[in-house]
Amino acid sequence: MSSFTVITLGCPKNIVDSRHLIYYLKAQSFVYVEDFKKANFILINTCCFIDDAKEESIDEILTVAKFKEDKKLIVFGCLAKRYSEELKKQIPEIDAVFGLGEKEKVATYMKSFTKEKTFINSDNYNAEPASYRYLKIAEGCSRRCSFCIIPDIRGPFKSINPESILKEAEGFVKEGVKELILVAQDITQYGKDLKGYNLKNLIKDLSSLQGDFWIRLLYMYPTEIDEALIEVISEENKVVKYLDIPLQHSEDRILRLMGRRGTKKDYLKLIRRLRQAIPGVTLRTTFIVGFPTETEEEFQNLLDFIEEVHFDRLGAFIYSPQEGTKAYSLKNQIPQAIKKRRYHELMSKQALISLEKNRTLVGKDYDALIDYIDTNLAIARLYCHAPEVDGVVMLEDIKEAKVGDRVKVLITEAYEYDLKGVII
Ligand code: SF4
């Protein structure tokens, strides 16, 4: 018994955790297989960021439990860490539960059932296409946003040492990966626990690696973006001019209740500065709607803020109370129907903004990175698209192009989120 598969749910940080666990188990002589039917061990990497993510994780566990037969079902990740006892009690088909970072324990558990060798070859782990890789630069978070349980689950912020990040990045570039995507709960904290080395140094060092690749920065805390960081981002050619800065809300009272730093005035100033210093910059943000006590007026002000700023990309979450957080016990929780209505109102507004912005790209040409190919159709991204969360460019009649190719494309059509184009 020694083949295994991993099902990954949740965010890019989970993708990286799964990748590291797979590499580790392979190094321990286990065989990774994509097809769970061929696996002796099925591992599910869970998420519990919001209620929808919890439900998705539980549904996945229940689905696998139905088909598990004599396979061992192992659950790990955020949900497993948080609700280990409840999961074991309520889903008896689960054979073992592990917290984050317990790869040695997972391997020991698996070894205790491994009697014979499996004579099949390992498959490649394909959660990311050959064109890009997430590069996790830190673990955990030491902030205390009142709605968020992540610091309890993932522990305090800890930078990964620069040598191992650079080594991992170098390996990816050598494999032909064309985009490195820096992730952490908050990448702007990088280096706060290291001596004399910070995110700016890391960006410069990554940029100096030999090769033709993009660097993308995700999850930046707004009040930590200073002039020196803006300068590095605008000067380093490999860094795509795309910044993901979750703001969560625009109204000062709500931001304070959320335990977030900065005010609406600060955010507007930052956005003006970024647009002035980094011409053509794509700005992505996320907001939470229906936070406890959010009044209709405050929600309308958030819509006005979105209208004023015209974010290039925007994601929204419906607030869901997480046990153990400060916001959980706040009075005046907003009824679900109102939260949903606000969410749809906000997303409809953004859809119009996005369409308007996409239309300005028609007739222009850009470099595009090909992520997937299906017969004669390619799915590619421009610098202004992060994988999975933003739109894509659909390319027809792609001839010789391959996954991982950087091609020049002419944008021919615009939709709310996606674009159509041709290779020129
Ligand atoms: S910065 Fe705030 S929202 Fe992000 S992980 Fe840390 S506590 Fe959670």
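Measuring nothing but alpha carbons in the chain and taking Rh as the Kirkwood radius, the Rg to Rh ratio lands at 0.96. Summary of packing: across the peptides 131-139, 166-174, the per-residue average of other C-beta atoms within 10 Å ranks them, highest first, as 131-139, 166-174.
In terms of packing, defined here as the mean over residues of other Cβ atoms within 10 angstrom, the peptides 263-272, 362-371 line up highest first as 362-371, 263-272. Within the shell defined by Cβ-Cβ distances under 12 Å, the residues around ILE150 carry a net charge of +3, with Lys and Arg each +1 and Asp and Glu each -1.
In this structure the amide hydrogen of GLN322, modeled in the peptide plane, comes within under 5 Å of the amide hydrogens of TYR328, none closer than 5 places in sequence on its chain.
Computed from the alpha carbon positions, the gyration tensor of segment 132-359 leads to an equivalent ellipsoid with semi-axes of 32, 21, 15 Å, biggest first.
Summing Cβ point charges (Lys, Arg +1; Asp, Glu -1) relative to the Cα centre of the chain gives a dipole of roughly 960 debye.
In a simple Cβ point-charge model (Lys, Arg +1; Asp, Glu -1; nothing else charged), segment 69-227 has a dipole of about 340 debye relative to its Cα centre.
When only alpha carbons are used to place a centre, segment 322-383 and segment 245-265 end up 20 Å from one another. Across segment 37-48, rounded Karplus estimates of 3J(HN,Hα) from the backbone phi angles (6.51 cos²θ - 1.76 cosθ + 1.60, θ = phi - 60°) give 5, 8, 8, 8, 10, 10, 10, 10, 8, 9, 9, 9 Hz, Gly and Pro being marked x. Kirkwood analysis of segment 308-353, using all unique Cα-Cα pairs, places the hydrodynamic radius at 12.4 Å. Here the sum of -39500 (n - 2.57) over DSSP H runs of 4 or more residues, divided by the residues of the chain, equals -11000 deg cm²/dmol at 222 nm, to the nearest 500.
FYI, it's all coordinate maths here, none of it is from the lab. Values in this document were obtained by computation on a predicted structure and should not be read as measured data. No Cβ is skipped: glycine too gets one built from the backbone with ideal geometry, and neighbour counts run over all protein chains shown.
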